[in-house]
Amino acid sequence: MSPLLIGGLLAAGLVVLVSIGLISQGLERARLERARKSAEIAARIKIGNSVMANLPGQFFPAELGNLLLSIEIKLLQKLASINNNAPETTKRLEESKAQLQQNNPPSNEPVALDTEAKGKEARIQLENLYKQLQQAQADGFIDKATLKKWSDHIRQFLVAATLDTFNASAKLGMQQGKPRVAKLQYERAVAYLTKLNNPAFSEHLAQYKALMQRADAAVAAENQQSTGLPASWMLVLRLWKVPKKSGRRKRSTTTDLHSSFAAGSPAASFTPVRKTQWP
């Protein structure tokens, strides 16, 4: 066998080995890409199912249920094409199609958002819903007009969920005789609406400011009842703090306080006397 023939055979063998390696790498990359896409779509389907199962009914109209069902069908179709029509995927796809054709959208009962945990869960589901719709629009499943329509609704739902939580906590505080808790919740609601800076919620902002004032009056009444002092005195007593010293008797400031209010001075203008320097 001539050296030229041997060299040709070696070169051909090397080309075959390189080709096999490249083909193997290409097949592995394709397999990994299919696995990545499959996992991504499965995760989106899982999140969509969680939204449909857990979103409170007051934020879940039938039209939205049908929209989410149609998005799930398109995702299942993509998953079936990637997984070569796996039986489980095909079965779920047929069930979802039948549900949509029968106009039987998923629905949930309304949920009273009377705790922080329930309010937080509702907001999480609404945020997941918005992400689902964003991705659906990016994939061409829905148009921009549909995304804008439901984005506006979701914003309103988020505001309602947040305010419902504040309001429920405040009412519970008043029922339990804890006006300070109610005042704090109304203050949070006012701060939240003020931060939104949306004229559409101006009426709500005025209502919560009025509720905050009522809760503040209840706090003042509670203070007066527990101390027997007028509400204006409580402000002074909060500002007037004389540090205790062991083994020393504090000098009474009652006369100074009485003289200040007897002169008609408002609490905001009251200036306490300097702390006595004991020898």
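The values are calculated or read from the model by the stated rules, or taken from the named source; none is laboratory data. Keep in mind it's a predicted model, so treat the numbers as computed, not measured. Note that each Cβ is placed from the backbone with ideal geometry, even for glycine, and that neighbours are counted across all protein chains shown.
Of note:
- Among the residues making up the stretch 107-132, those that are in contact (Cβ under 8 Å) with a residue 60 or more places away in the chain and either acidic (Asp, Glu) or touching a helix residue (DSSP H, G or I) at 6+ places or on another chain (Cβ under 7 Å) (or both) are Glu121, Ala122, Gln125, Leu126, Asn128, Leu129, Gln132.
- Verdict on Phe157 being touching a Phe, Trp or Tyr at 6+ places or on another chain (Cβ under 8 Å), under 30 Å from Glu63 (Cα atoms) and either crowded, with 19+ Cβ neighbours inside 10 Å or not aliphatic (A, V, I, L, M) (or both): yes
- You will find that of Phe60, Phe157, the residue that is within 23 Å of Leu196 (Cα to Cα), aromatic (Phe, Trp, Tyr) and at pLDDT 95 or above is Phe157 and no other.
- Within the stretch 91-118, the set of residues being exposed (fewer than 15 other Cβ atoms within 10 Å of the Cβ) and of a type outside the set (A, V, I, L, M, F, W, C) comprises Lys91, Glu94, Glu95, Gln101, Gln102, Asn103, Asn104, Ser107, Glu109, Pro110, Thr115, Glu116.
- Index of the failed condition, Gln99 passing every other in (1) free of Cβ contacts under 8 Å to residues at least 24 places away in the same chain; (2) within 14 Å of Ile71 (Cβ to Cβ); (3) part of a helix (DSSP H, G or I): (1)
- Verdict on Leu69 being under 25 Å from the mean Cα position of the chain (by Cα), within 29 Å of Leu193 (Cα to Cα), hydrophobic (A, V, I, L, M, F, W, C) and surrounded by 14 or more Cβ atoms within 10 Å (Cβ to Cβ): no
- Filter result (charged (D, E, K, R) and not in a loop (DSSP other than H, G, I, E, B)) within the stretch 178-230: Arg180, Lys183, Glu187, Arg188, Lys195, Glu203, Lys209, Arg214, Asp216, Glu222
- Selection status of Thr162, buried (at least 20 other Cβ atoms within 10 Å of the Cβ) and part of a helix (DSSP H, G or I): yes
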